[in-house]
Structure formats: structure tokens, C-alpha cells
Amino acid sequence: MTAFSYDLAISAVPYDAVFVTELMAELAPRLRTMPVWAGQGRQEPPAPHAMLVAEQSRLALVLHQRLWPHDAATQADASVLRERVRQHPDSVCVLMLDDAPVPSWLSRVPTCDLRASGLAGVANFTVDAIASSGGAVSRAPAPAAPVETPMRWSEGPTPFLSQPRAHSALRHELDAIGAELKAHIARRQALQPDETFELHSLPHRFIARFADRGISFSWIGGSLPSVTEGRLLVIEWSGVAPQTRGVAALKSATPMREQSYRAEGTSPETWRWRMDGPNGRAFSTVNLVAEGTSSVGLASGD
């Protein structure tokens, strides 16, 4: 039998770091070796993509979303995986994170949809694929039996996002969105000095313009003052008026894509933005802005 260094190697864009961490935590207790991903920030194999070579990992799992074919890191992954699919097609699987079509060379490998299966279903799909390839795996832990607690008058501490201090954390994250957008605009302006790049800040809203494209981040409060009731609405825009500056340039724009996110976390340090909808992915503020601006740049053909 072939001795593999890793049972599972993952290919994913850096913006999905939070979800990769969640998936690895779900899989680790059931595998012989710890799942690996080049974006972990831990010690890596001698070559950045060596873990994805068929002789190194029993299974390669592609976390596919619309940016996967275009990100620099995963483009390098693709050159390794294309050869692996040609020689060992059963050793590669795809996890669909959104509805973006996969490249034709990946279209025939086993596929799982996160939105339909959820994290637990994805974990079972991956473990089954590893087991089918001869890997030693463990069963999913049985759900813990509910523990009956004696009735008490106190209902326990209020969840963090329902506390007044969550509003301070929200302001910090919204400020971070503005700072990240400003940095992305500065980098793009340096690369394309003849194009128009702008950032407009309104109460609880940021609008970033990248030439004829744009992206807006808007915090929409709920009917109650709790942060849990609000949503962050992210909209990507096309058709921004080329000769117009300021917010008025978006009057002629058309929304290309929109997604709402809810706040999640037990403290300011664990703050995440979770996609609304079944089995939505979570993002840090930095990664959410980075993915959004990359998507706008991709739509612009940059």
C-alpha cells in the first residue's frame, strides 16, 4: 500500500480561511493525519503545492467558488491538480461553495454542495472518499445526549451580540471595512493611475469605486437595537458612470450580485460575518473585503 504523508490536502482561496478552519476542525478527529492547506500559515512541505501531488496526499479536495480559477495561489494549485485528475481521477473531489461552474477538467470528479449538505454532510462526503481510497477513518462522534438541567430563576449571561458592548465591536468592524477598502483602492490606483478609484463613507455605509465597477457595504439595523437583528448587505455594481465622480456615479449602475451577512461571535476577537441562508460560509472582516474587491476586479477584467 502507498504510504501517504497526508490523508487530505485542501485547495482553497485565502478568503475562505475561516471556513477551511471550520472544516479541518470537523475532519481532524476522524482522520489518521491532520488535513493540510497551504494557507494555514504553519510549516509547509518543501514546495508550496507538494501536498497536492498524488503521491503525497490520499485525497485532494478543491473548495471551489467563483474566484478559485483566478486567484494566484489556486491557479498554481490547478496546474498540479489537472495532472492529478488525468492520472488519478478518483483521488480528487470538489466542494461547491457557490453556483460558479467548475472548469471542464474538474467536471467529472465527485462533487458535494455545501449549501445542500452543510458542514456535517461535507465532512461525511470527504471521509467516505478517503475511506474509498483505502484510508483509515473513524466514525462521526455520536451526538451528545441532552442533559437535563435543573430549573433556575436565572437564564444565564446575555449572549455577546445582544449586549450593548457589541455595538462598539460593530463600529470597530465597520471602521475596519473602511480601512481595508481604502488600502485596496490605493493599491489599484497605483497600478492604474489613469482610472477612477474612489471611496465614499456615509453613516453605516461604504461605497468603493473601481473604474466602471463598484462595491458597497451597508449595515442595516433590525427592528430591535440588538446587533443580532441587523445585517451587512454587500452589493457589487457594474456600469458606474465613467465621467461622473462621487456617489452620483452609481445612479446609472446596475447591481450584479448581492449578499447579506449576519454578525457572529462570542467576543470582539471572534467576530465573523456569516452568509445568510442555509450553511452559509463565514468570513473575517479582512477576508470579506478582500474577496469582494477581488470579485469586482475580476468582473472588470483586471
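Values in this text are rule-based calculations from the coordinates and carry no lab data. What you see is a predicted model, and the numbers here were worked out from it, not measured in a lab. Virtual Cβ from ideal backbone geometry, glycine too; neighbours counted across all protein chains shown.
Numbers below:
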quantity	calculated
13 Å beta-carbon shell around residue 262, net charge (K/R +1, D/E -1)	0
Beta bridges per DSSP with both ends in the chain, % antiparallel, nearest 5	70 percent
Kyte-Doolittle mean at least -0.5, axial Cα span of 18 Å or more - DSSP H helices of the chain	114-132, 165-191, 285-299
Taking N as its residue count, the alpha carbon Rg of the chain over 2.2 N^0.38 Å	1.12
For the range 6-132: rounded, prolate or oblate by the Cα gyration tensor [a/c cutoff 1.5]	rounded
